[in-house]
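The values are calculated or read from the model by the stated rules, or taken from the named source; none is laboratory data. Please read all numbers here as calculations on a predicted model, not as lab measurements. Every residue, glycine among them, receives a Cβ derived from its backbone with ideal geometry; neighbour counts consider all protein chains shown. All accessible areas refer to the heavy atoms of the entire protein, side chains included, with ligands and DNA or RNA removed. Shrake-Rupley method; radii C 1.70, N 1.55, O 1.52, S 1.80 Å.
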Amino acid sequence: MQGVGFRPAVYQTARRLGLVGFICNNTRGVIIELQGEEEKIAEFLARLKSGTDKPPLAEIKSCRTSDIAVIEAEDTFTIRSSDSQGTALSQVTADIATCPDCLAEMRDKKDFRYGYPFINCTNCGPRYSIIRSIPYDRPNTTMSAFKMCDKCAAQYADTADRRFHAQPIACGECGPKIWLTDNKVAKAQRDGVIAETVRLLLDGKIVAIKGIGGFHLAVDALNDKAVKRLRKRKKRDHKPFAMMADSIESIKKYAVVSESAEQILKNPQSPIVLLPKRENCSISPAVAEGVDTFGFMLCYAPLHHLLFREGLEVLVMTSGNISDEPLICKNEKAIEKLGCIADKFLMHDREIHRQVDDSVVHIIDDEPVLLRRARGYVPTPFLIEEKSRRDIFAAGGDLKNTFCLGKQEQLIPSEHIGDLEDADVYHHYINSVEHLRKLFEVEPAVAACDLHPGYLSTQYALSIPDVKVIKVQHHWAHIASVLAEHNLAGPVIGLAADGTGYGTDGAIWGCECLIASLVDFERFGHLAYYPLAGADKASKEPIRPLLGLLKKTYGDDFKLGEFQWLLEKVEPNRNKQQIISEQVNKKVNAVETSSLGRVFDAVAAMLGLGTYNHFEAQLPMALESVIETGVENHYGFELTGTAGQPLQLDLCRMIKQLVCDVKDKVGSGIISAKFHNTVAEALLEMAIRAREKTELNTVALSGGVFCNRYLINRLIKLLKKSDFSVLFNRQVPSNDGGISLGQAAIAANIVKRIL
Ligand code: ZN
Ligand code: ZN
Ligand code: FE
């Protein structure tokens, strides 16, 4: 089982049924020994399995029972303290949104925690973000600064209480407090803080609010001027902002909430969920331009609930950081760094030890899929079949980095760390590896990393003394992440649709059909290479892939002059076009690539949807957002093969037809739909060819391009119609945030066979 609050719940069920024995943790879950009447034991099991007596956060993955001889008659039921072996893994759990019981108490004038912004219990509250070291006891958390009052201490000690052994519990008498201040910190306001904060927000002010995993920058999402001011001050011109509301009803005013979306919004993990926008709603357009979704979450900390109760409707709640730097979680740092952004600070003195971003989820094939895995989900581990004999560290990739630790039968991915090219993020990465390694008592003998020699994560893995380094090809890691999630070893037909990954031949891969297992992979097919000029700039400036694709398509017939009608709206500077074109022709400062992400960039630019990716996948997201529904046809493509070589997907026909459509002024929505349909058809065809050759019938989908909902939904449908069984990432992102899990799974497999 996984989750918190399990032992107290079992304790209470056993007591209620008059059963004696004990419960204790081991590395995989719990062991319960019971003595008592047979019917009572049967009822105990039934209650546990049916969920009647199961705590809300626990998930029972499997349950095995056996009869044992009574050696000694017990006279009571006890919670035995955990054995020391591997307990770190089961002790450190995720941060969880305030539970309904605590909310009710917080709203009850007669309760001694009435209106208390840090109310929590065994079933809710902060965990991962406040733990400094194990064992998980109060002195090892940031709550060590607060001594429990008699009332709290009594609940903590009472086995029948919902707060039995809940480490972070506190009340207004003994626990953390809130205050409001400006960036001078001259004097802090301690009375009427909630009402004053709400007044400021409704007045259009920007307030930095300290939450569970860090600071948020909050403004009224209905106030266009305020939202624009926040954008300007935060130096975040384009990336959509997330929002918070306090009820599903209020979210429904602004976005379409499906049943599965409602479920996931209300989950104790409380992630941001991407929801289709409602047309003409009153949210400031500056909140999320160029995308067709809003990111919404519900209040998840008591403090949020208190604020919304005072008359807030919907808030922008964006991470408290400057552009792509790490999330800020310390009070002094917030003043220093956010002082020029926020008008006021709503602070508290419960220290956040680990900064954790909000998680982001979207709905694919009617199931929740994580796009960013952080608060609420980390550090929940993935289980592997066989205990690993060596500890593992997997470094992840350089974009949207997470890393992953492996110990015994668990793979534990870190929360979203960020893009390592930012020096502060890289620093944070190194500190995080150290912290989690110590917390989970991992001494890696093996370090897995990306094949890319220029990745900072790779260099970091190589710098660790006395470990065996395993370099894993990027797209193999993507597909392995799907295998790891589904606890499979493969082989499967892996379709990776991605931006950039270093290939075994030194080219930049990105659209790959791999016959892959956790042992190895074979490159069965890929998008035919096209030239791409200008390394780092290639993923930002769509003129670069566009010129490469046009060159590939029209060969020597391609003349810049004849395409000015198309090119000038992508890059008006003729001189720059000329330079890039020459780099492509002469193969100087240019690489061969099969990147699919860059094709999306080029197509979006041809449709006039933008000339620059200010953040990753901005142009592809814009392209997806204009798709006209109901368009079923697609452009042409070819799969060509030579013996002994991977199958080549040739998109030249598509490019020609698409260029004609643009010239004929066919609507962007239709062109975009036809383009997406072509990619889906081509990938389906690739899978069919792979099935013919290998007789495999399972397809695994991964890679950043599959964050595109239209594409993955359509491909899943096509594959299912052709009788494939389809696997895709759900628990880790299909973007590079997922590859550390794949790397770790491959490493664990190698350890099993070789080391
Ligand atoms: Zn609670
Ligand atoms: Zn107290
Ligand atoms: Fe990738």
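For the chain, what does the equivalent ellipsoid look like in terms of its semi-axes, each the square root of 5 times an eigenvalue of the Cα gyration tensor, given largest first in whole Å?
Working: eigenvalues 418, 214, 105 Å².
After diagonalising the Cα gyration tensor, the semi-axes are 46, 33, 23 Å.
Kindly report, to the nearest 10 Å², the accessible surface of residue 546 as traced by a 1.4 Å probe over protein heavy atoms only.
Around 0 Å² of this residue is reachable by solvent.
Mean separation of Cα pairs under 8 Å and 6+ residues apart, divided by the residue count of the chain: what relative contact order is that in percent?
Details: 1634 pairs, mean separation 86.6, N = 755.
Computed over the chain, the figure is 11 percent.
How would 540, 438 line up by accessible area, probe 1.4 Å, largest first?
Ranked from most to least accessible, the order is 438, 540.
GluC sites (Glu not before Pro) within segment 603-673: which are DSSP loop residues with at most 12 other Cβ atoms inside 10 Å? Can you show the working numbers first?
Details: sites: 616, 624, 628, 632, 638; in loops: 616, 628, 632.
In loop regions of segment 603-673 (DSSP not H, G, I, E or B), the sparsely surrounded GluC sites (Glu not before Pro) are 632.
Sort out for me the Cα centre separation of segment 680-703 from segment 351-392, rounded to whole Å.
28
Can you return the lysines within cross-link range of residue 693? Criterion is Cα-Cα under 26 Å, with same-chain partners fewer than 8 residues away left out.
Correct list for residue 693: 717, 720, 721.
For the chain, what is the charge dipole size about the Cα centre, in debye to the nearest 20, if Lys and Arg each add +1 at the Cβ and Asp and Glu each add -1 at the Cβ? Before the final figure, lay out the partial values.
Working: 92 positive and 95 negative charges, 291 e Å.
Computed charge dipole of the chain: roughly 1400 debye.
Can you give me the distance in nm between label points at residue 522 and residue 559, each placed 7 Å from the Cα along the Cα-to-Cβ direction?
4.7
Please sort 416-426, 558-568, 156-166 by packing, taking for each peptide the average over its residues of neighbouring beta carbons within 10 angstrom, highest first.
Details: 416-426: 18.7, 558-568: 13.3, 156-166: 16.9.
Descending mean neighbour count gives 416-426, 156-166, 558-568.
Given only helices, namely DSSP H runs of n ≥ 4 each adding -39500 (n - 2.57), what is the per-residue ellipticity at 222 nm of the chain, to the nearest 500 deg cm²/dmol?
On the way: 23 runs with 245 residues, N = 755.
Computed mean residue ellipticity for the chain: -9500 deg cm²/dmol.
Farthest toward the dipole's positive end in segment 178-360, which of 273, 240, 204, given Cβ charges of +1 (Lys, Arg) and -1 (Asp, Glu) about the Cα centre?
Towards the positive end, the residue furthest out is 204.
Can you pull the percent of the chain's accessible area that's carbon plus sulfur, 1.4 Å probe, other chains left in place? Write out the running numbers ahead of the final one.
Values: 14880 of 30450 Å².
Solvent-exposed carbon and sulfur of the chain make up 49 percent of the total.
Apply the Karplus parameterisation 6.51 cos²θ - 1.76 cosθ + 1.60, with θ equal to phi minus 60°, to every residue of segment 639-648 and state each ³J(HN,Hα) to the nearest whole Hz, in sequence, with x for glycine and proline.
Once θ is set to phi - 60°, the couplings for segment 639-648 become 10, 10, x, 10, 3, x, 10, x, 4, 10 Hz.
Rounded to the nearest 0.05, what FRET efficiency is calculated for residue 632 and residue 692 with R0 set to 30 Å and r the Cβ-Cβ distance? Spell out each step's value before the answer.
Values: r = 25 Å, r/R0 = 0.85.
E(calc), rounded to 0.05, equals 0.75.
Sort 579, 739, 670, 194 by heavy-atom solvent-accessible area, probe 1.4 angstrom, most to least. Mind showing how you got there, number by number?
Working: 579 90, 739 0, 670 55, 194 30 Å².
Solvent-accessible surface, decreasing: 579, 670, 194, 739.
Run the numbers for residue 333 and residue 60: contour at 0.36 nm per residue of separation, minus the present Cα-Cα distance, in nm. If you can, show how the numbers build up before the last one.
Working: separation 273, 0.36 × 273 = 98.28 nm, distance 4.07 nm.
Extra length from residue 333 to residue 60 when fully extended: 94.2 nm.
For the chain, report the accessible area per residue in Å² (1.4 Å probe, heavy atoms, rounded to an integer). List each step's numbers first, then the result.
On the way: 30450 Å² over 755 residues.
Here the residues of the chain average 40 Å² of exposed surface.
Loop-only check: which trypsin sites (Lys or Arg not before Pro) in segment 303-340 are DSSP coil with at most 16 other Cβ within 10 angstrom? Please report the intermediate quantities before stating the final value.
Working: sites: 309, 330, 333, 337; in loops: 330.
Sparse-neighbourhood loop trypsin sites (Lys or Arg not before Pro): 330.
What pairs from 239/438; 40/266; 184/225; 551/656; 110/177 go past 23 Å between their alpha carbons?
Details: 239/438 35 Å; 40/266 34 Å; 184/225 25 Å; 551/656 11 Å; 110/177 20 Å.
Flagged as over cut-off: 239/438; 40/266; 184/225.
Please compute the length gained on full extension between residue 463 and residue 69, using 0.36 nm multiplied by the number of residues separating them and subtracting their Cα-Cα distance. Please report the intermediate quantities before stating the final value.
Values: separation 394, 0.36 × 394 = 141.84 nm, distance 5.35 nm.
136.5 nm is the gain from fully extending residue 463 to residue 69.
What are the GluC sites (Glu not before Pro) within segment 65-171 that DSSP puts in a loop, where the Cβ has at most 14 other Cβ atoms within 10 Å? Walk me through the intermediate numbers first.
Working: sites: 72, 74, 105; in loops: 72, 74.
Loop-located and lightly packed - 72.
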